[in-house]
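Read the figures in this text as sums done on the coordinates, not as results from a lab. Bear in mind the structure is a predicted one, so any value in this text is a computation, not a measurement. Cβ placement follows ideal geometry from the backbone for every residue including glycine, while neighbour counts extend to all protein chains displayed.
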Amino acid sequence: MRTPFIVGNWKMHGTRAEAVALAGAVRKAAEGAPEVEVGVAPPFPFIEAVSGICAGGRVKVGGQDCHSEAKGAFTGSTAGPMLRDLGCAFVIVGHSERRHGLGESDECVGKKLRAALASGLIPIACVGELLEERERGATEHVVRRQLQAAFEGLNADLAGRCVVAYEPVWAIGTGRTATPAQAQEVHSDIRRFLGRLLGDPVASTVRIQYGGSVKADNIDALMTQPDIDGALVGGASLDAAAFTRIVQFQRS
Ligand code: PGA
């Protein structure tokens, strides 16, 4: 009942020409997976070119981040309405590379999520624990704290438009994927907690993506888990063949 949503997060990679070529390949891949929603988040300077390639097709284009304000004196930042203007449908907020690399707080991520919704973008809210937090048994606590800051007080209609990405920080870019069972355990806790915050009807419709070293050879097993509704893919999304196989996953 939840349409799978697979998104490629291109991070800070590539040239304009490479982005255009990759977008063309993803457009084709999405045509071969009519039951999957597909998205790409290119670097900001390439969004317009990628939007052009994806126009009229099945691939949604998104930003990798947005500011919490709609406009203002914020040098170097990009606002939600600007992303909409370029044809974006979604935006990633709270990616661990911003939480841990750039010091974004839970509160800051919550503001960005609200700003994204106010501009008509679908927020993909990233949550996930550090290795040290997992090792001391704090995974559930950390993820619930991040979810609470992001979702508390949102009405059901707005919350229902959001996507959550569970990305254990120790699995991002490391080649160390959470096992399907480890991911499912956290995904089902996320859904239970969202049910408490927002009510079960909303929690049962919110899509929860897994992210962290998703590859062509582990996507099938991840997608067989009942609460894994898609993937946020970094490294493997830069390889057209690998990302095509991920988009065209097989639930065995
Ligand atoms: P990765 O990145 O697939 O390269 O681990 C995932 C992400 O950061 O969204």
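Net charge within 12 Å of A70 by Cβ-Cβ distance, Lys/Arg positive one each and Asp/Glu negative one each, not counting A70 itself?
Cβ neighbours under 12 Å give a net charge of +3.
When ranked by the protection proxy of mean other Cβ atoms within 10 Å per residue, highest first, what sequence do the peptides 4-10, 149-155, 35-41, 47-53 form?
With the highest mean Cβ count within 10 Å placed first, the list reads 4-10, 35-41, 47-53, 149-155.
Please give the peptides 157-165, 207-215 ranked by average Cβ packing (other Cβ atoms within 10 Å per residue), highest first, as a rough proxy for protection.
Packing order, densest peptide first, comes out as 207-215, 157-165.
Amide H of V214 versus every other amide H placed in the peptide plane: which residues, excluding those fewer than 5 positions away on the same chain, fall under 5 Å?
Amide H neighbours of V214: G234.
Could you sort out which of K71/K111; K11/K71; K111/K215; K11/K112; K28/K60 sit more than 20 Å apart by Cα distance in this structure?
K11/K71; K111/K215
In terms of modelled amide H atoms, which long-range or inter-chain residues lie less than 5 Å from the amide H of G63?
F90, V91, I92
Report, in order of residue number, the helices in the chain meeting two criteria: a C-alpha extent of 24 Å or more along the helix axis, and a mean Kyte-Doolittle hydropathy of at least -0.5; treat each whole DSSP H run as one helix.
Counting only whole DSSP H runs, the qualifying helices are 180-198.
Which distance in nm do the two modelled labels at D106 and K71 give, with both placed 7 Å along the Cα-to-Cβ direction?
3.4 nm
For the chain, what is the calculated [θ] at 222 nm in deg cm²/dmol (nearest 500), taking -39500 (n - 2.57) for each run of four or more DSSP H residues and dividing by its residue count?
The per-residue figure over the chain is -11500 deg cm²/dmol.
Taking neighbour Cβ counts within 10 Å as the exposure measure, how do T174, T78 sort from fewest upward?
Starting with the residue having the fewest Cβ neighbours, the order is T174, T78.
Take the alpha carbon gyration tensor of segment 33-134, find the square roots of its eigenvalues, order them as a ≥ b ≥ c, and report rounded if a/c is under 1.5; if not, report prolate when a/b exceeds b/c, else oblate.
Oblate.
Kindly work out what percent of the DSSP beta bridges joining two residues of the chain are antiparallel, to the nearest 5.
Bridges in the chain that DSSP calls antiparallel: roughly 0 percent.
For the pair R192 and A49, how long in nm is the line joining their label points, each one 7 Å along Cα→Cβ?
In this crude label model, R192 to A49 measures out at 4.7 nm.
Based on the Kirkwood radius over alpha-carbon pairs, what value in µm²/s does the Stokes-Einstein equation return for the translational diffusion coefficient of segment 20-69 at 25 °C and 0.890 mPa s?
D = 218 µm²/s.
Considering only the other residues whose Cβ falls under 9 Å of the Cβ of C54, what net charge follows from Lys and Arg at +1 and Asp and Glu at -1?
+3
If you average the C-alpha positions of segment 30-46 and of segment 61-140 separately, how far apart do those two centres end up, in angstrom?
So the separation of the two Cα centres works out to 19 Å.
Hey, could you get me the Stokes-Einstein D for segment 130-208, Kirkwood radius over alpha-carbon pairs, 20 °C and 1.002 mPa s, rounded to whole µm² s⁻¹?
For the chosen part, D equals 163 µm²/s.
What is the mean projected area of the alpha carbon convex hull for segment 1-90, to one decimal in square nanometres?
6.3 nm²
Separation between the A17 and M1 pseudo-spin-labels, each 7 Å from Cα along Cα→Cβ, expressed in nm?
5.0 nm
Could you work out the Rg to Rh ratio of the chain, with Rh taken as the Kirkwood radius (inverse of the mean 1/r over all Cα pairs)?
Dividing the radius of gyration by the Kirkwood radius yields 0.93.
Can you check what the net charge comes to around F151, using other residues whose Cβ is under 15 Å from the Cβ of F151 (Lys, Arg +1; Asp, Glu -1)?
Combined, the nearby Lys, Arg, Asp and Glu give +4.
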